[in-house]
Amino acid sequence: MMNGQGRVSPGSAAPAEERSCSWLNIWVFLIFALAIKAAFVIICLVALLDGSSGHFKILLRNSTEWCCVPSSSAEKLDGWMCCPKGWRRFQGSCYFLSTDTMSWAESAQNCTGMGSQLVVITSKAEQAFLFNLTKEKATSTYETKYYIGLAAYKNGKWQWVDQTPYESTATFWKPGEPNLLFAEKCAAIHVKGNTDPNTYSNWNNVLCITSCYRICEQAVQLL
């Protein structure tokens, strides 16, 4: 409003300023509320991770992607069994079949670097599973060897990488194997293509410097 001297009356601008301050206060309140909500969600997630016996931390640390299936008994659902993506589960273990070849020592080191070990085979059921799994990867035109965690290069006696006593476990050597023990001191699953007969006695001892594929094994993660 103009006064008699052509000036704006001080009282006429006050309502606009008050409306501006009111909208500003609303936006400040909303931003503050969202910040509190975000902080609450973060605190809940941290508490969840800390309170789960470290299992979620293990999954996040060891692999970026996991595949899980229900772990159930006849009475109830016990939880979940998880393997890294790209690994195959059998009973209580996860197995990885490599796509490249290395010596036995390099293969053992590679598995260790993934938080696993070269496979230790302790039953006919496990050997049968691995034989069929390697046949899936093999072709009908060439033979394939996969290192397992069994070697005799340290003291001339066969020993599993996890110190499982060799004498107390099932063995699945091919007929006539192992031979040439003075030189061939590392064990491998030997598959002659995917048409290999269904015989599970297919271990072969080879020179430890031979470039072979490998099978890594680690325990399933239980959640």
Residues of the range 82-113 satisfying the condition of being outside any helix (DSSP H, G or I), over 17 Å from residue 135 (Cα atoms) and among the hydroxyl-bearing types (Ser, Thr, Tyr): 93, 103
Members of the range 183-200 that are modelled with pLDDT of 90 or more and surrounded by fewer than 18 Cβ atoms within 10 Å (Cβ to Cβ): 183
Members of the range 170-223 found to be aromatic (Phe, Trp, Tyr), more than 23 Å from residue 112 (Cα to Cα) and in contact with a helix residue (DSSP H, G or I) (Cβ under 9 Å, 6 or more places away or on another chain), listed by number: 172, 200
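Which of the residues spanning the range 62-100 are among the basic types (Lys, Arg) and either at pLDDT 80 or above or touching a helix residue (DSSP H, G or I) at 6+ places or on another chain (Cβ under 6 Å) (or both)?
We begin by selecting, within the range 62-100, every residue among the basic types (Lys, Arg); these are 76, 85, 88-89.
Within the range 62-100, 85, 88, 89 meet the criteria.
Right, residue 81: touching a Pro at 6+ places or on another chain (Cβ under 9 Å) and hydrophobic (A, V, I, L, M, F, W, C) or not? Full working, then the answer.
Numbers: touching a Pro at 6+ places or on another chain (Cβ under 9 Å): yes; hydrophobic (A, V, I, L, M, F, W, C): yes.
Yes: the conditions hold for residue 81.
Show me the strands (runs of 3 or more DSSP E) entirely contained within the range 166-223 in which 1 or more residues are under 30 Å from the mean Cα position of the chain (by Cα) and among the basic types (Lys, Arg).
It comes to 186-192, 213-219.
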Any hit, the range 161-171, residues being surrounded by fewer than 16 Cβ atoms within 10 Å (Cβ to Cβ) and either of a type in the set (D, E, K, R) or within 14 Å of residue 212 (Cβ to Cβ) (or both): yes
Residues satisfying the stated conditions in the range 118-155, i.e. over 24 Å from residue 106 (Cβ atoms), of a type in the set (Gly, Ala, Ser) and touching a residue at least 60 places away in the same chain (Cβ under 8 Å): 128
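The values are calculated or read from the model by the stated rules, or taken from the named source; none is laboratory data. Owing to the predicted nature of the structure, the values given are computational and were not obtained by experimental measurement. Heads up, the Cβs are rebuilt from the backbone with ideal geometry, glycines too, and the neighbour counts pull from every protein chain shown.
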